[in-house]
Amino acid sequence: MYDAKAMASEGLLRIGELSRRTGVKPDLLRAWERRYGLLEPERSAGGFRLYAPASVDRIEAMQEQLARGLSAAEAARLALLEGSEPTRSASIDVLVAELGDALDDYDEPRAQAVFDRMLSAFSVDAVLRDAVLPFLHELGLRWERGEVSVAQEHFASSLIRGRLLGLARGWGGGAGPVAILACPPGEEHDLGLLALGIVLHDRGWRVAYLGPDTPMETLAGAATRVGANVIVLAAVSAKRFEEAAGALKHLATRHRIALAGPGATEALAKRTGALRLAGGPVDEAERLAADRR
Ligand code: B12
């Protein structure tokens, strides 16, 4: 128990003062304390709650996590961990392994929570380049080796696609250059393309996303309508690009075309007059954006 003198010497705060400093109403502070153990007050001799000055930092950490769109429970968990060694040292690889476990178990809430943790600890570029894209690549290898079923692979890629679309929200807005993103006819793999779009928008571009299996004949009209600065087409299969080669060549006479993904060969790019994006989505988005500077 604390008397007034001890309270003043340790800088302990009453709930009203804590509320004033953080802008969070006392009722909500008490709820966070009760539900998530976010705060651990001492008691004054008269039974009032007394908070250590560090409580202000913890509440601010909670507010930051809430502002990033996390649930209150997850925000509190991260605010409590902040400053403690485990979060600081948790490398992205550990989180990727956890994500893999959750997805293999079809555990959607856990996978979403791991994703939240990644996004709160690392930049979007890092999450895409060092976690999501290598994870997907590995997923394919594990599927080939028979370590994951088609169902697990579909579950994982669908959940990841949902998260990428979440990060993409609003990417059509702004005043920057415009990219049309699409896969040629028959091509369903669009996760790399989504990653490219997210990073492009982060660099000030606007994205018009047409996605998987887009008919070639619809591209010219869309490009003119949105005033596209580039049309990026991505495919895993070179065959999809080969089948579209004639249309690509025609399109490249009027628009800047870039081909990406494992199916985009240098020979095809030369033959059709397109640019080839040979690197990963994050680096290539960076390169396209740098070209415009
Ligand atoms: C998720 C997935 C799916 C999902 C796709 C969901 C979606 N909306 O994208 C679904 C379930 C639909 C699917 C279907 C199929 N899939 Co699939 N799939 C995958 C998986 C696991 C991940 C693909 C991915 O997003 N990778 C992430 C990319 C970015 O990484 P990456 O491939 O290593 O690419 C590098 C570069 O090429 C480059 N890059 C790639 N894409 C892009 C895009 C841009 C814009 C840029 C700049 C760079 C870039 O960046 C990466 C390095 O950072 C891969 C495994 C793998 N190795 O990738 C198999 C894989 C691509 N699929 C494969 C197959 C065989 C199929 C199916 C034919 C299966 C079937 N029998 O139905 C169908 C075909 C569907 C179709 N018509 O297109 C094979 C392809 C083999 C081949 N070379 O042709 C793979 C490699 C699996 C394997 N190991 O065999 N698939």
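The values are calculated or read from the model by the stated rules, or taken from the named source; none is laboratory data. Source: prediction; values computed, not measured. Here Cβ is always computed from backbone atoms with ideal geometry, including for glycine, and neighbour counts include all displayed protein chains. When the accessible area is computed, the model is the full protein with side chains, heavy atoms only, and any ligands, DNA or RNA have been set aside. Shrake-Rupley method; radii C 1.70, N 1.55, O 1.52, S 1.80 Å.
Observations
- Gained length - THR265 relative to HIS137, 0.36 nm times residue gap less alpha-carbon distance: 44.2 nm
- 5 angstrom amide H check on VAL230, placed H, neighbours 5+ away: VAL178, ILE180
- Contour excess over end-to-end distance, with Cα ends at THR218 and ARG145 and 0.36 nm allotted per residue: 22.4 nm
- Ranking of THR253, THR272 by solvent-accessible surface, largest first: THR253, THR272 (1.4 Å probe, protein heavy atoms only, all chains present).
- Lysine pair count for the chain [Cα-Cα under 29 Å; pairs on different chains or 8 or more apart]: 4
- Accessible surface ranking that places the most exposed of TYR106, TYR36 first, with a 1.4 angstrom probe: TYR106, TYR36
- Where trypsin sites (Lys or Arg not before Pro) fall in DSSP loop in segment 114-186, at most 13 other Cβ within 10 Å: ARG145, ARG169
- Dipole of the chain [Lys/Arg +1, Asp/Glu -1 at C-beta], most positive-end residue of VAL236, LEU159, LEU200: LEU200
- Computed from Cα atoms alone, the Kirkwood hydrodynamic radius reported for the chain is 22.0 Å.
- Averaged over its residues, the chain has an accessible area of 50 Å² per residue, based on protein heavy atoms and a 1.4 Å probe.
- Fraction in percent of alpha-carbon pairs per bin - 5 Å, segment 215-265: 5, 21, 33, 25, 13, 4
- Surface share of carbon and sulfur [accessible, 1.4 angstrom probe, percent] for the chain: 52
- Over the chain, DSSP H runs of length four or greater, each weighted -39,500 (n - 2.57), average out per residue to a 222 nm ellipticity of -16500 deg cm²/dmol.
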